[in-house]
Structure formats: C-alpha cells, structure tokens
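Have a look at the structure below before the remarks.
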Amino acid sequence: MTPPPTDRRSVARLLESPDQSLVDLVDSLLDKGVVLDGELVLGLADVDLVYVRLGLVLAAADRILPPRS
Amino acid sequence: MILYLYALADRVERLDGIAGVGDEPLVQIETANARLVAGWIAAPPAIDRATLEAQDRVIRALHDRASALLPMRFGTAVDGVEAAVRAVSIVARTLPERFELVRGREQMTVRVLRTAGAAGASGSLGSPGATGATGATGATGASYLRARASREVPPEIAPLVDGTRTIARATRVERGSSDLLATVYQLVERGRSAEYREQVERIAATLPHLRLRVSGPSPVFAFARD
C-alpha cells in the first residue's frame, strides 16, 4: 500500500532512518554552497540549475533514496 | 575535459593526498581575492549517493586545510581556467567579507521538528508584529526586508536562537514544511561543536513540543552564499 503523501514526505522519518546522513548531503551539496553566475558555468556541468534549485530534497531524495515499502 | 570546481578558499596549504570526485588531482587557481580549488574531469559527475559522498569527503578534507573555505554548489564546472577566473571575478568583491565570516569556524545544523503532540503547522508568520505575505508586499525598503526575514523565523524556535547566542557566531534559519518547522544553521568556532551540542540538548529539554536533531560539525555550506 502506498503511504499517504504526508507520511512519505515526513522529515522525521527520513532523519530516523539510516539515510539521515544523506539528508545532510543533499541539503548541503545540492541546495547550499557558492553559486557562480553565468549560464556557461552550470550549463556545462549537465546539472540543470532549475532541477538543483527546485528539486531540492524532494526530487533529489526520490532519486537517491531506495524506494520505501 | 571540464574544470570541476570544489571551493573558494583564502589559502590552502597543501592539496597532496586529496583526490577529486573522479579521482583526479586537485589544482589551485589564483583568482581575484581567492584561490579556487578545482580538478580536470572528463565528464560532469552523476548525481548519485556515491558521488555526493565523494564530493563531501573532498570538501571536508579541504575545510581541514583552510582556515576560510566556501564550498561550491555541487555540479559547478567550467570549460577552462579563463572561464573560472571570469566567473569568480563576478563575486570577487564580496569574498573578503564572506571569508571573514567563516574563518576558523564550522557549521552546526539543527532540524526543528514538531512532535506528534504538538499543534499542527503554525499559521503564524514570524515574530509578533511581522507582516504576512500581503503586508510584506505593501512594505518597502528596509521594512520589507525585515518583514521578509522575520517570516523565516518561526517564533517557536526563539529559545533555540536565544539559548545559543553565546556560542553561535552567525545564524541562518530556513522555514520548513510538513513536520519540519525549520532548519537552523549556525557557525561556531572550530572545536566547539561538542559544547554546542550540549547546549542544544539543554535547550531541547525545555521544549517538549519540539524535537531538535543536531548534525555537524561540517564545512560552512549554508554560509557560502552571499
């Protein structure tokens, strides 16, 4: 059975899981840090700036974390 | 080949023994007001757990060797040294102040969670007197900025911010969603993280409706942007 959205997005659940450290990684590396201006910079990296900024924990965690039953 | 950018530092003593996410040797590039630490790699790194962990290891190793280090956002790359210098030149004017803020310091992170028995999502927007979205829109200049900033600080976390004032050198708060009330990022002097944790534990004992999850110390990711 698919858990309800609120449960699936529960931060507490993530933080209590073995993936707690991954939450910090995603938050730090994908959402923080120096942002250099200029399309060339991030465009060449093949990492969509929009994805990085808006995807944040939800999209990134969905992609990285193993599926939950 | 692309030049993959890891961090800006005031200076890094040595880079030996530190390999990049592609196991490449790191180089230092002299730019205006900063040294840029980078590595030549064949292709952009994938966004997966192993690569994130690899980049985290690189940044932590660099942080240990630099008194002031500003990590780059994951995935930042340019096509050569000239492009890197040009990109850094855009932010160069702000770098001395940013280095000064983080010099000799490390980041602690506190995630403030509502417990099951706590009231639902807070409908209040910031401290008493703070305007809501409509009010803030009507404000101008400094009053607008103050209103906007106050909305990011839920009143429930005031005891945490106040209680860590003597040890925290800078604080950034991001309002959360769902059961995450807010994330509090604070800078402390390097070596004082244990003392910080103890202080947060004491504060947590006085906040039965909240759960405080502390992580760190880490490089100063949340303070790297201007």
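The values are calculated or read from the model by the stated rules, or taken from the named source; none is laboratory data. Because the structure is a prediction, the values reported are computed rather than measured. Cβ: placed from backbone, ideal geometry, glycine included. Neighbour counts: every protein chain shown.
Remark: B:R65 falls outside the filter, which requires a residue to be within 11 Å of chain A (Cβ to nearest Cβ) and either over 16 Å from B:Y4 (Cβ atoms) or polar (S, T, N, Q) (or both).
Residues in the range B:8-62 that are aliphatic (A, V, I, L, M), under 25 Å from B:A222 (Cβ atoms), assigned to a loop (DSSP other than H, G, I, E, B) and more than 21 Å from the chain's Cα centre (by Cα): B:L15, B:I18, B:A32, B:A46.
Quick one: is B:A61 among the aliphatic types (A, V, I, L, M), closer than 24 Å to B:V188 by Cα and at pLDDT 90 or above? Yes; evaluated as a whole, the condition is true for this residue. Identify the residue in the range B:196-226 that is small (G, A, S) and within 8 Å of another protein chain (Cβ to nearest Cβ) and, among all such residues, is surrounded by the fewest Cβ atoms within 10 Å (Cβ to Cβ). My answer is B:S215. Against the numbered list (1) in contact (Cβ under 8 Å) with a residue 24 or more places away in the chain; (2) more than 10 Å from chain A (Cβ to nearest Cβ); (3) out of contact with any Pro (no Cβ under 8 Å at 6 or more places or on another chain); (4) surrounded by 14 or more Cβ atoms within 10 Å (Cβ to Cβ), B:G176 comes up short only at (2).
Residue count for the range B:173-196, restricted to those that are at pLDDT 95 or above and farther than 19 Å from B:F223 by Cβ: 2.
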